[in-house]
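All remarks here apply to the structure that follows.
Taken together, the values in this text are just the output of simple stated rules run on the coordinates, not laboratory data. These numbers were taken from a predicted model, which means no experiment stands behind them. Reconstructed Cβ throughout: ideal geometry from the backbone, glycine too, with neighbour counts over all protein chains shown.
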Amino acid sequence: MDKKAEALIAAKRAAGYKAADLIKDGMVVGLGTGSTVYYMIERLGERVKEGLHVRGIPTSFQTAMRARDSGIPITTLDDDPVIDIAIDGADEVDPGLRLIKGRGAAHLREKCVAAAAKQFVVVVDEQKVVKKLGAQVPVEVLPFAVTPVLKDLERLGCKPVIREAVKKDGPVVTDNGNFVVDCQFKEIKNPEKLEAAIAAIPGVMESGLFCAYTKKTTVIVGGEKKCKVITLPDIVA
Ligand code: 5RP
């Protein structure tokens, strides 16, 4: 492995471990999805083995499997509709702590969990911190409505592309049985407005824009040596 890849893994591990160490005994924990959350689950699993009592709500099949392998007890939004802390990754974070998520096609459940959480902790490496959101916006779409949804998304100013699977022929099918449409916009001038406009299209389940949780968000930016912790008051102050 080259030095850059090693440094990236170290950054993800540092962010994930720091987030896992915020979890207190008895908490219900939202378990996000992805390669940074992987390290959070690893550390949380160690803490559970040391005697910490938590219940985790996974946001994907992948996370559910990892949590089970790590010995973390699993619960559901039905049994625990209020989550004490949710910890998740992101693809981009802007200075207002708005996010683009969904590279792993888990953003629908991730948004349900973020919405139900009292505190939302986002774990990223430095590459994800941007001045302005500009990555492609993943949109989970009901297959029944995909053609009209593509037309409506195009009207919003992007080139929508149905995400193709890698080890399966045809489209990615999410954990919820839907398609994912990736939308590259020339410019995202107003992320809140764009999130609302996408959500208003019939057949859209959720987009990867996360603009509504900034006040309860803490971002942990992993670095090789230490982590930077950002909350909104830090920026406003
Ligand atoms: C999955 C996500 C992930 O949280 C996001 O893509 C970040 O993943 P990683 O930590 O692997 O870069 O939104 O849908």
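Assorted remarks:
- In region 137-209, the ratio of gyration radius to Kirkwood radius, Rg to Rh, stands at 0.96 when only Cα atoms are counted.
- Taking each DSSP H run with n ≥ 4 as -39500 (n - 2.57) and averaging over every residue of the chain yields -9500 deg cm²/dmol at 222 nm.
- Dipole in debye (nearest 20) - the chain, about Cα centre, beta carbon charges: Lys, Arg +1; Asp, Glu -1: 520 debye
- Cysteines without a disulfide-compatible partner [the chain; Cβ-Cβ under 4.7 Å]: 112, 211, 227
- Pairs of alpha carbons in region 1-115 whose separation is greater than 24 Å (percent): 21 percent
- Placing +1 on each Lys and Arg Cβ and -1 on each Asp and Glu Cβ, with no other charges, gives region 137-209 a dipole about its Cα centre of roughly 220 debye.
- Angle between the chain longest axis and helix 107-116 axis [Cα atoms, degrees, rounded to 10]: 60 degrees
- Peptides 95-107, 38-50, 188-200, ordered by how many other C-beta atoms sit within 10 Å of their residues on average, highest first, read 95-107, 38-50, 188-200.
- Diffusion of the chain by Stokes-Einstein, at 20 °C in a medium of 1.002 mPa s and with Rh set to the Kirkwood radius over alpha-carbon pairs, works out to 118 µm²/s.
- In the distance distribution for region 96-237, Cα-Cα pairs more than 22 Å apart total 41 percent.
- Candidates 14, 67, 44 compared by Cα position along the dipole of region 1-73: farthest toward the positive end lies 14, with charges placed on Cβ.
- Cα centroid separation, region 1-51 to region 172-212 (Å): 27 Å
- Protection proxy ranking of 174-184, 215-225, by the mean of other Cβ atoms within 10 Å over each peptide's residues and highest first, is 174-184, 215-225.
- Selection from 54, 150, 100, by position along the positive dipole direction of the chain (Cβ): 100
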